[in-house]
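Reviewing the structure listed below.
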Amino acid sequence: MATVQKRARLLAAAGLGFATLLGAFNAAAISPINDNLDRPQTPDPASLPVSPPPLSVVIDPLYHLNNDLVAEMRALGRLIEERSGSITNYNPATDDYIRINIDTIKSLLDRGANPNFRIEKGMRVGKTSVSSPLFAAIQLSAMMMTTEILDHVLSKNPDLQAIDADGWSVMDYAVSNLQDAQLVSREKVEAALRIVQTLEARGLTLNDTRERLKGVAQRDYAATAKNLFGLSVLRDHGLVPDDVYRKIITGSDAARDALLNADTITPALLQEYGAQTPDFTDSRPGGPFRVTITADDTLDTIVTRFASVMGAIDLDHARTLITQANDTPLSAGHTVNIPLPPGREIGTISVYSTGATFKLLAEGNATHYYRPGASIKTIAAELAAMNNLPIDTKLESGQKILFPYTNDSHTHVKLIQPDPSAARNPVDLFVIEGNPLPIKVEDAHHRDTYRIAAGTTYGLNPAADMNRIHTIETLPIDYPSAQIPDALRALFSANTRNDAADSPNNRMVFTHSMGTAIKENAANDARQARTANDRNVESIAMMLDPLNQSKPIIFNAAGNYWYSYGAGRYMQGYTLTHSPRAVLIGASAIAKTKNTAPGVKMHVMTHYSSYGADVCARVPNFRGEIMTGTSFSTPSTAAQYRQFAEWYGDRLSFEEIMAAGLMSADRDVLDVENIGKYTASLPPTLATLNSVPALYTTNGGGLPRHERCGAGVLEPQSWHQALQKTLSLKAQFNLTANMVSHQRVTIKNAFTTSDANGVSEYIYRIPVPTDMTLGKLTFLLPQFQNAHSDVVVRTPAGFEMLLPRTYTDVLSTFAFAYEDVKVGDVFELRTTQPLAPQAGIVFNGHAPGNSIAALRDYLRGNGTLPAPLKTMQMNTVTGDAQPVNIHKALPETPGAKPAFPGGF
């Protein structure tokens with residue numbers, strides 16, 4: 001908090017600055033207030049030496065006036081920041097302490113300071129850098145929750161079409177504050193809304209945004225909603241109609257009717273309801289690759305170019321294959337399908353330097369060529385022919401050259417023969433991807449995730465209908481949002497009908513490989529800054545009922561931030577992760593580690609895979625090399641699930657299919673040694689790290705849990721065998737897996753205890769609402785500002801777990817699944833700081849006597865599933881589970897210093 005002395009210095013400096021402005025503009029005028037709020041009192045101007053005025057003063061006599069305005073605005077922003085951080089429930093609008101700064105800013109404007117004055121190096125106001133007093137006024141108004149300064153600036157008729165140095169418009173700043181406020185409080189949202197409406201009264205509209213609503217077709221208030229809480233505030237103010245509010249959550253009636261009743265979902269149908277559907281079908285096994293026909297092309301020229309990569313016996317065979325793959329004759333401007341064998345793919349490479357030859361390209365890319373061992377001469381000749389250029393062509397820098405690659409996206413899984421009774425249920429997989437960054441490299445990440453989904457599907461079932469795999473280009477982390485296409489909102493909200501196999505959402509599967517990542521120190525700071533009424537928690541809580549009604553099946557990437565970004569114990573917690581049918585996927589790999597024998601590769605949990613995954617899956621291959629990232633294990637898992645649902649979804653629910661996968665997961669895998677913080681200039685690779693046995697603790701149902709890989713690593717063959725047993729048990733004992741209605745139970749008063757060192761511990765006891773076999777649980781864990789702590793959960797059976805942290809204080813997990821509980825049994829939450837009153841657990845589970853419990857008991861009986869409450873080293877039980885000491889310091893997380901670029 002500022003001291004009285006500091007305040008006196010501020011007042012003195014401001015007074016001197018204003019007094020000087022009343023005199024002549026000359027070189028002896030005092031300097032504007034600088035950033036140092038503790039600077040000494042400004043000296044008497046008369047004592048300063050006189051020097052010639054700078055050129056800028058000669059040209060602009062308001063030079064000092066403008067700079068004093070900038071300095072006062074900067075000082076006010078810093079004062080508000082300082083006092084907000086030290087005064088609980090601080091309200092700048094009623095703070096007399098900063099009144100002199102506000103009055104000085106208004107006086108400077110009255111004396112002629114220019115609100116559009118361009119600040120050459122910018123200035124920081126709050127957490128934002130701006131380049132003129134006009135933009136600063138918007139930021140200060142948001143911080144103060146009043147438009148007093150903005151109103152005064154607007155009275156001077158500034159240029160409202162001004163563009164900031166970063167390309168932002170006036171309305172961009174206003175909308176940005178409106179969206180940011182939706183993470184804080186209703187009061188903040190309403191204050192930010194007043195700023196937007198003040199600018200609208202001056203003739204601006206939401207269409208005047210340049211960056212903040214970029215790409216949004218309909219720029220209305222619904223488009224500014226950051227979360228369901230913000231959307232509800234805007235609705236309360238009459239700015240979002242009720243029907244639009246519902247549409248943003250569930251999609252339009254027209255989209256739902258069209259998509260959920262369609263026998264076949266096509267890209268055209270998705271596009272009709274707003275979805276962008278990039279075409280990556282040339283990346284799936286067998287392609288086809290598409291070539292645009294020129295006026296000089298004939299069937300024979302196309303055949304000559306591509307016969308070899310097609311695997312044709314001769315040119316006549318190639319001609320037949322191309323003819324069979326195309327319904328229409330060749331014509332200029334149209335595309336022709338080039339069919340390829342499953343292990344081949346045609347892509348493009350960029351020429352790096354002018355003068356390069358096909359021989360040089362062949363030498364640099366031979367390892368990825370579709371024919372291993374082919375000579376450089378052969379590769380160069382085929383490249384020249386495929387690109388319809390002479391072999392001795394000198395290529396240009398940046399030129400795109402077609403290159404035939406190996407497509408091994410299907411080789412990480414083996415063919416599975418389904419049960420003779422297997423059906424062919426219509427199950428569609430949607431590969432969702434959006435890039436929050438303005439720079440995209442030819443959609444490479446989305447193309448890769450689609451390639452893997454298609455490749456995994458082909459590897460399991462070469463006869464699968466690849467047209468059931470779709471792409472949608474969007475970023476659904478902020479769901480529900482008007483910026484998510486109507487088609488996807490409609491698909492997400494498909495209502496279940498008592499978990500029947502024909503329910504629409506049992507036929508829709510989603511995979512999403514983007515997420516949230518913040519460095520651990522920054523995440524901890526943000527966590528401590530969150531209040532008991534955090535709007536992330538409220539928004540997610542508002543969505544729990546809709547999510548539990550629609551139950552979208554979505555596989556989300558856990559993230560790659562354990563070693564590579566320093567994200568520590570944080571896991572994903574955005575809205576879609578809280579569907580009862582959302583699964584968080586980590587990554588494993590067949591790889592060499594530092595301490596494995598030369599040339600030997602082992603199955604290892606990857607060193608990057610983040611905390612909190614429900615299960616891991618093996619990453620696939622890409623052109624002969626193992627891929628890196630949970631981005632790629634996730635679509636592979638989704639494709640495996642989709643195939644099993646296609647075969648058995650008429651008799652097994654999502655919960656039964658997923659339980660079979662989790663219970664049969666491979667646990668005979670290695671982990672990597674946590675080496676603590678490291679200071680290498682590059683992130684480590686698996687080959688530089690020691691492998692150690694993976695450690696698990698079994699929960700109250702016997703399901704093992706690893707901190708980063710949950711139940712272990714999914715193994716498709718074992719998963720399929722467990723599905724066969726589930727079908728057998730259901731038929732033998734006439735079992736179902738009916739869900740009990742989800743119920744949210746909030747905390748009551750805590751029991752307070754102290755440990756041997758006198759450190760307080762708060763224990764909250766939450767009763768189980770009904771008899772069930774536990775499914776996925778959701779924990780809402782808001783705490784008070786600057787008083788956030790870790791939480792330990794203890795189940796009725798005695799399983800204890802230190803919960804991961806999330807960026808939202810809400811987490812959902814299968815870690816407690818398959819324990820049998822009865823009404824009145826007690827869950828305990830232990831913390832070292834009190835929980836907010838709205839904290840609690842959302843229970844999901846299955847009615848007693850269900851098929852999942854039967855499978856659990858069978859697998860425990862044959863030794864596949866261990867007994868409850870045990871510790872394990874790989875597949876070996878090593879002892880009884882031990883209580884979790886919440887006071888024990890956590891080990892340092894690798895990657896915290898330095899922080900390397902992470903990803904999904």
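The values are calculated or read from the model by the stated rules, or taken from the named source; none is laboratory data. Owing to the predicted nature of the structure, the values given are computational and were not obtained by experimental measurement. Here the Cβ is made from the backbone with ideal geometry for all residues, glycine too, and neighbour counts use every protein chain on show. Note: areas computed on protein heavy atoms with side chains; ligands, DNA, RNA excluded. Shrake-Rupley method; radii C 1.70, N 1.55, O 1.52, S 1.80 Å.
Only one of these is closer than 23 Å to L65 by Cα and either open to solvent by less than 10 Å² (accessible area, probe 1.4 Å) or aliphatic (A, V, I, L, M) (or both): L154, L199, L183. Name it.
L154
Just to verify a result, which residue in region 860-877, among those that are in contact (Cβ under 8 Å) with a residue 60 or more places away in the chain and in a loop (DSSP other than H, G, I, E, B), is most open to solvent (accessible area, probe 1.4 Å)?
My answer is N875.
If I filter region 580-608 down to residues being in a strand (DSSP E or B) and either of a type in the set (V, I, T) or out of contact with any Lys or Arg (no Cβ under 9 Å at 6 or more places or on another chain) (or both), which single residue comes out as most open to solvent (accessible area, probe 1.4 Å)?
If we take residues in region 580-608 being in a strand (DSSP E or B) and either of a type in the set (V, I, T) or out of contact with any Lys or Arg (no Cβ under 9 Å at 6 or more places or on another chain) (or both), then I590 is most open to solvent (accessible area, probe 1.4 Å).
Please work out which residue is nearest to E72 (Cα to Cα), limiting yourself to region 85-108 and to residues that are free of Cβ contacts under 8 Å to residues at least 12 places away in the same chain and either open to solvent by 50 Å² or more (accessible area, probe 1.4 Å) or among the aliphatic types (A, V, I, L, M) (or both).
D103
For region 612-627, give me the residue count where each residue is open to solvent by 10 Å² or more (accessible area, probe 1.4 Å) and either of a type in the set (A, V, I, L, M, F, W, C) or farther than 24 Å from Y696 by Cα (or both).
Residues in region 612-627 being open to solvent by 10 Å² or more (accessible area, probe 1.4 Å) and either of a type in the set (A, V, I, L, M, F, W, C) or farther than 24 Å from Y696 by Cα (or both): 7 in total.
Of everything in region 127-142 that's touching a helix residue (DSSP H, G or I) at 6+ places or on another chain (Cβ under 9 Å) and surrounded by fewer than 24 Cβ atoms within 10 Å (Cβ to Cβ), which residue is modelled with the highest pLDDT?
Restricting to residues being touching a helix residue (DSSP H, G or I) at 6+ places or on another chain (Cβ under 9 Å) and surrounded by fewer than 24 Cβ atoms within 10 Å (Cβ to Cβ), the top hit is L134.
Quick check on G700: is it at negative phi, buried (at least 19 other Cβ atoms within 10 Å of the Cβ) and in contact with a Ser or Thr (Cβ under 9 Å, 6 or more places away or on another chain)?
yes
Do you know which residues across region 755-781 are more than 19 Å from P580 (Cβ to Cβ), at pLDDT 95 or above and open to solvent by less than 50 Å² (accessible area, probe 1.4 Å)?
I763, Y764 - these are the residues of region 755-781 that are more than 19 Å from P580 (Cβ to Cβ), at pLDDT 95 or above and open to solvent by less than 50 Å² (accessible area, probe 1.4 Å).
Which condition number in (1) under 22 Å from P716 (Cα atoms); (2) of a type in the set (K, R); (3) buried (at least 24 other Cβ atoms within 10 Å of the Cβ) is the one that K551 fails?
(1)
Take the conditions hydrophobic (A, V, I, L, M, F, W, C) and in contact with a Pro (Cβ under 7 Å, 6 or more places away or on another chain) and apply them to M571. Does it pass?
yes
Only one of these conditions is not met by A332: (1) surrounded by 13 or more Cβ atoms within 10 Å (Cβ to Cβ); (2) closer than 25 Å to T281 by Cα; (3) more than 41 Å from the chain's Cα centre (by Cα). Which number is it?
In the conditions (1) surrounded by 13 or more Cβ atoms within 10 Å (Cβ to Cβ); (2) closer than 25 Å to T281 by Cα; (3) more than 41 Å from the chain's Cα centre (by Cα), A332 misses (1) alone.
Is it the case, given these coordinates, that L361 is in contact (Cβ under 8 Å) with a residue 24 or more places away in the chain, touching a helix residue (DSSP H, G or I) at 6+ places or on another chain (Cβ under 8 Å) and over 17 Å from V309 (Cβ atoms)?
For L361, the condition - in contact (Cβ under 8 Å) with a residue 24 or more places away in the chain, touching a helix residue (DSSP H, G or I) at 6+ places or on another chain (Cβ under 8 Å) and over 17 Å from V309 (Cβ atoms) - is not met.
Within region 484-493, is there a residue that is over 30 Å from R623 (Cα atoms), among the basic types (K, R) and at pLDDT below 90?
No, every residue in region 484-493 fails to be over 30 Å from R623 (Cα atoms), among the basic types (K, R) and at pLDDT below 90.
Which residues, counting only those in region 298-349, are among the hydrophobic types (A, V, I, L, M, F, W, C) and over 30 Å from I452 (Cα atoms)?
Taking region 298-349 as the starting set, the residues that turn out to be among the hydrophobic types (A, V, I, L, M, F, W, C) are 299, 302-303, 306-307, 309-310, 312-313, 315, 318, 321-322, 325, 330, 332, 336, 338, 340, 346, 349.
The answer is L299, L315, L330, A332.
Out of T354, T378, T406, T411, which single residue is within 30 Å of S588 (Cα to Cα) and open to solvent by 40 Å² or more (accessible area, probe 1.4 Å)?
T411
List every residue pair whose Cβ atoms sit under 9 Å apart, with the two residues 6 or more apart in sequence or on different chains, where the first one lies in region 817-844 and is within 22 Å of K551 (Cα to Cα) and the second, anywhere, is of a type in the set (K, R) and surrounded by fewer than 17 Cβ atoms within 10 Å (Cβ to Cβ).
Close Cβ pairs (under 9 Å, with a partner that is of a type in the set (K, R) and surrounded by fewer than 17 Cβ atoms within 10 Å (Cβ to Cβ)) amount to G840/R744; I841/R744; V842/R744; F843/R744.
Using beta carbons and a limit of 8 Å, which pairs, at least six apart or on different chains, have the first residue in region 135-161 and closer than 18 Å to M123 by Cβ and the second one open to solvent by 30 Å² or more (accessible area, probe 1.4 Å) and of a type in the set (F, W, Y)?
Cβ pairs passing all conditions: F135/W168.
Among the residues that make up region 82-101, is at least one of them more than 23 Å from L178 (Cβ to Cβ), modelled with pLDDT of 95 or more and of a type in the set (D, E)?
no
Restricting the search to region 386-406, which residues are assigned to a loop (DSSP other than H, G, I, E, B) and either charged (D, E, K, R) or in the same structural domain as T726 (by the TED database) (or both)?
Result: D392, K394, E396.
Do we have T752 as hydroxyl-bearing (S, T, Y), open to solvent by 50 Å² or more (accessible area, probe 1.4 Å) and in contact (Cβ under 8 Å) with a residue 24 or more places away in the chain here? Spell out the reasoning first.
Values: hydroxyl-bearing (S, T, Y): yes; open to solvent by 50 Å² or more (accessible area, probe 1.4 Å): yes; in contact (Cβ under 8 Å) with a residue 24 or more places away in the chain: no.
So T752 fails the test.
Mind listing whichever residues of region 362-385 are of a type in the set (A, V, I, L, M), within 42 Å of the chain's Cα centre (by Cα), assigned to a helix (DSSP H, G or I) and over 22 Å from I302 (Cα atoms)?
Selection gives A366 alone.
Identify, from the list R708, R744, the residue that is at negative phi, of a type in the set (K, R) and open to solvent by less than 50 Å² (accessible area, probe 1.4 Å).
One residue alone meets the criteria, R708.
Please go through region 808-843 and give me each residue that is open to solvent by 30 Å² or more (accessible area, probe 1.4 Å) and under 17 Å from R530 (Cα atoms), ordered by number.
T832, Q833, P834, P837, Q838
Can you tell me which residue is surrounded by the most Cβ atoms within 10 Å (Cβ to Cβ) among those in region 878-903 that are closer than 18 Å to A815 by Cα and modelled with pLDDT of 95 or more?
Among those that are closer than 18 Å to A815 by Cα and modelled with pLDDT of 95 or more, it is A881.
Looking only at region 782-793, decide whether some residue is open to solvent by 10 Å² or more (accessible area, probe 1.4 Å) and touching an Asp or Glu at 6+ places or on another chain (Cβ under 7 Å).
Within region 782-793, none of the residues are open to solvent by 10 Å² or more (accessible area, probe 1.4 Å) and touching an Asp or Glu at 6+ places or on another chain (Cβ under 7 Å).
Take region 320-348 and flag every residue that is closer than 19 Å to P404 by Cα, of a type outside the set (V, I, T) and touching a helix residue (DSSP H, G or I) at 6+ places or on another chain (Cβ under 7 Å).
L321, N337, P339, L340, P342, R344, E345
When you check L108 against the structure, is it in contact with a helix residue (DSSP H, G or I) (Cβ under 9 Å, 6 or more places away or on another chain) and under 22 Å from L204 (Cα atoms), yes or no?
Taking the combined requirement at face value, the residue does not satisfy it.
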